[in-house]
Amino acid sequence: MTIVRFPWDEFPEVWIHAQELEVKKHLAYREAKSGDPEAAYHLVNEMLSAQVVEQ
């Protein structure tokens, strides 16, 4: 089986607000991942880094 990946040449820079493990341990993660918009809002709101936003 051959995996074909699309080149990301023009993909914008990504800013990391929290460590992946920290996000996955959050109480709202599972519900947010399942499509619950309110849980997603809480997850993002609590994981958002003011320092990254200032950059």
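Here the chain is treated with +1 on each Lys and Arg Cβ and -1 on each Asp and Glu Cβ, and its dipole about the Cα centre works out to around 300 debye. Positive end of the charge dipole of the chain (Lys, Arg +1 and Asp, Glu -1 on Cβ, about the Cα centre): tell me which of Val4, His17, Val44 has its Cα farthest that way. Comparing the listed Cα positions along the dipole, Val4 ranks first. Computed from Cα atoms, the angle from the helix 37-47 axis to the main principal axis of the chain rounds to 90 degrees.
Hey, what number do you get for the chain at 222 nm if only DSSP H runs of n ≥ 4 count, each worth -39500 (n - 2.57), divided across all residues, to the nearest 500?
One gets -12000 deg cm²/dmol as the mean residue ellipticity at 222 nm.
Longest segment of the chain with no GluC sites (Glu not before Pro) in a DSSP loop having at most 13 other Cβ atoms within 10 Å? Walk me through the intermediate numbers first.
On the way: sites that count: Glu10, Glu13.
Longest gap between qualifying sites, sites excluded: 14-55.
Give the calculated FRET efficiency between Val53 and Ile3 to the nearest 0.05, with a Förster radius of 30 Å applied to their Cβ-Cβ distance.
Numbers: r = 35 Å, r/R0 = 1.16.
E between Val53 and Ile3, to the nearest 0.05, is 0.30.
If you take the alpha carbon atoms of the chain and fit the smallest convex hull around them, that volume is 140 Å³ per residue.
Bear in mind that the values in this text are calculations on the coordinates, not laboratory data. Remember, predicted model here, so these are calculated numbers, not experimental data. Ideal geometry is used to build each Cβ from the backbone, glycine not excepted, and the neighbour counts take in all protein chains shown.
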